[in-house]
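The values are calculated or read from the model by the stated rules, or taken from the named source; none is laboratory data. Just so it is clear, the structure is predicted and the values come from calculations on it, not from any experiment. Quick reminder, even Gly has a Cβ in these numbers, built from the backbone with ideal geometry, and neighbours come from all protein chains shown.
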Amino acid sequence: MTPAGAGLRLIAHRGASGYAPENTLASFRKCLDMGASSIEFDVQQTSDHRLVIVHDLNLKRLAGVRRALRTYPYAELSGLDVGRWFGRQYLGERVPLLEQLFDLVESRGSGAELQLEIKNGRTPYAGIEKRALDLVSARPSLSGRVVYSSFDHAALKRLRSLSASARIGYLAGSMERRASAIKDASALGCESLHLSLGRADRTWVEACHAANLRVFVYTVNEAADCRRLEEMGVDAVFTNFPDVLSKR
Ligand code: G3P
Ligand code: CA
């Protein structure tokens with residue numbers, strides 16, 4: 001873990017999702033090609049309890065099917081094309097299993113940090129925290145470099161009760177007050193607090209740092225925002241264009 005104030009880090013948001021369809025192996029390959037040192041992705045669960053990497057709770061935007069992800073068994077989900085919407089060259093991209101991302105990272109010999117966001121809807125995915133922890137602990141190469149986060153703070157509590165050592169990031173809700181977010185995050189033993197670009201300011205940064213929480217901001221695609229946040233003392237940003245911002 002780098003100390004707060006050690007310079008702004010870049011986290012590839014849903015992979016290099018400015019260049020390839022988000023949360024696909026194509027997007028993850030691309031950010032690894034760019035030398036990403038941290039990769040963010042969204043994890044959900046199929047009806048047969050496989051952990052998959054998808055942002056939306058239904059497949060309308062990505063595959064043109066208005067159906068909830070949670071109702072799909074993996075065999076059926078894996079038949080959907082989630083690349084075509086982005087561009088014809090990505091025709092045939094599939095929803096990856098969490099293990100497939102781990103295989104890719106291991107096969108590339110990458111030491112990237114993995115920012116694993118649990119994407120629960122109104123009804124949480126039963127058992128998702130334990131399954132994620134188990135898949136990670138089956139890979140010694142990933143030890144200590146997965147950071148779990150979620151807007152669903154009950155999921156973070158379950159995760160903490162399952163693992164005292166898990167690294168956790170606290171995703172602050174859009175209406176959540178600063179003092180209660182920091183209190184909650186500290187009580188959960190989080191190492192970072194993640195804020196939207198619209199909410200980030202110096203007061204948040206100072207209050208988080210005083211509580212020993214690093215501040216990560218999403219989603220930052222403009223170099224000018226990046227410079228402003230760096231100046232403010234923000235520790236990391238989630239970006240769809242990791243290569244562009246690295247040249248800021
Ligand atoms: O974790 C930061 C960011 O990914 C949260 O927002 O909607 O892109 O998952 P979203
Ligand atoms: Ca996310």
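Observations, loosely collected:
- Criterion: farther than 12 Å from Leu8 by Cα, within 15 Å of ligand 1 (Cβ to nearest atom) and small (Gly, Ala, Ser) - qualifying residue of Ala179, Ala185, Ala166, Ala210: Ala185
- When Arg70, Arg29, Arg61 are screened for being part of a helix (DSSP H, G or I), within 15 Å of ligand 1 (Cβ to nearest atom), surrounded by fewer than 23 Cβ atoms within 10 Å (Cβ to Cβ) and of a type outside the set (A, V, I, L, M, F, W, C), only Arg61 passes.
- Residue satisfying all of: in the range 228-248; over 20 Å from the mean Cα position of the chain (by Cα) and at pLDDT below 95; surrounded by the most Cβ atoms within 10 Å (Cβ to Cβ) among these: Arg248
- Residues (within 15 Å of ligand 2 (Cβ to nearest atom) and under 18 Å from Ser149 (Cα atoms)) located in the range 23-41: Asn23, Ser38, Ile39, Glu40, Phe41
- Hey, Ala16 more than 25 Å from Gly121 (Cβ to Cβ), at pLDDT 95 or above and touching a Ser or Thr at 6+ places or on another chain (Cβ under 6 Å) or not: yes
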